[in-house]
Amino acid sequence: MGRARTLATYGAGIAPATVSDTANTSTGYLDIPAGTEAQRPGSPANGMVRYNTDSDKYEVYIETQWCDVTTTTQTYSVQYLVIAGGGGGGSNRGASGGGAGGYRSSVSGESSGGGASAESAATLLPGTAYTVTIGAGGTAANYFSVSIPSTSGNNSVFGGVTSTGGGRGVSNGDASLNGVSGGSGSGGAGATNSGGTGGAGTTGQGYAGGTVSSGAATSDNEGGAGGGGAGAVGGSASTIRTGAAGGVGVQSSINGTATYRAGGGGGGANGSGSTPGSGGNGGGGAGVAGTGAGSTPTGVAGTANTGGGGGGGGYNAVPGGNGGSGVVIIRYLGLQRGSGGTVTSSGGYTIHTFTSSGTYTA
């Protein structure tokens, strides 16, 4: 006589099966539960096995998905946050803040930079090595007898995902006062009775830098615009001797802690009683105020591993701040499957954080 099993034996959505009394012996058989994909268990657990009548194949549940047991390698999905290096700040009077590094995210329910929705998760093949590059922040301008321009941030990469470095801050004395495009664009610089427009951000990664109105830049009373952030346009300078704030970054909880990253650098300011711009929330460096010859403070650097832009400089020969380096964070549900970076766990996810270049092996 056969021995019937109940529905509870197999879980919701799988029809009961009849197993012979000689099952699990050398001459018997095991009657595996069978059903369509729609009949899969509502709350599957690791190790569950069933026969898929839609594909006519046996399948097993591993971590986050049903896998074909006849296939030797099974892909899996990861969410990522890839942030590039921020741009260095400008120098010399009303210099602009650097733009934040490009911000790309596939974390469900969160945003990418520039107001874009989260991207699709990445699908990885076990045993495959994926390159991770952490973009360095750009260097600040250093303006003495000869102008040494700032540099834009460097790109960060995870496999086929590349985030663009933030635009470099502009100095009073550059060939153009207009900001430079990047992941987020840098702000415009101020000069006597003139000012530049902000550099453009990259679609899906960050916003443009701010603009300087001509009324905010009279002789020796200049203010620089803020660099763009991943979450907002950089502030525009509209008042003499006043730098503008950098644009705010974007908040993510990919590692279990809600954190803002990729803020723009604040603009510098020049003149007695001048006020520099603050750095954008998310690692953006503040600008610096110059009060005349001999001023020594420098713009504040963007925070490391946030992609923050560097702050702009103030009076003659006062440099800006360097841009902050980028970061790559990867996470997936379940126990650790890959290797590389610093490995932690939170909320049922395994998290790999890269603060320097390396390799993620799936």
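Picking from Val170, Val161, Val82, which is most flexible by a Gaussian network model of the chain using Cα springs under 10 Å? Largest GNM mean-square fluctuation: Val161. Karplus-derived 3J(HN,Hα) values for region 241-254, using 6.51 cos²θ - 1.76 cosθ + 1.60 with θ = phi - 60°, are 6, 10, x, 9, 6, x, x, 5, x, 10, 8, 9, 10, 4 Hz; glycine and proline are entered as x. Contact order for region 173-272, expressed relative to its length and based on alpha carbon pairs under 8 Å spaced 6+ residues apart, stands at 22 percent. Label sites at Ser345 and Ala258, each approximated as a point 7 angstrom past Cα along Cα to Cβ, lie 2.5 nm apart. Within the chain, DSSP assigns beta bridges of which about 90% are antiparallel (rounded to the nearest 5).
Note on the chain: GNM, Cα springs under 10 Å; of Gly321, Gly47, Gly341, the largest mean-square fluctuation is that of Gly47.
Please find the FRET efficiency linking Thr192 to Gln65, where r is the Cβ-Cβ separation and R0 is fixed at 56 Å, and quote it to the nearest 0.05. Calculated transfer efficiency: 0.35. Looking at the chain as a GNM with Cα springs under 10 Å, which of Glu37, Glu222, Glu119 has the largest mean-square fluctuation? Answer for the Gaussian network model of the chain: Glu37.
When each of Tyr315, Tyr360 is scored by the number of other beta-carbon atoms lying within 10 Å, the sequence from fewest to most is Tyr360, Tyr315.
Just report the Cα centroid separation between region 173-245 and region 253-280, whole Å. One Cα centre to the other: 14 Å.
Taking the Cβ-Cβ separation of Asp31 and Leu125 as r and a Förster radius of 35 Å, what is the calculated FRET efficiency to the nearest 0.05?
0.55
All of the numbers you see were taken from the coordinates with simple rules; none came from a lab. Please read all numbers here as calculations on a predicted model, not as lab measurements. Neighbour counts run over all protein chains shown; Cβ positions are idealised from the backbone, glycine included.
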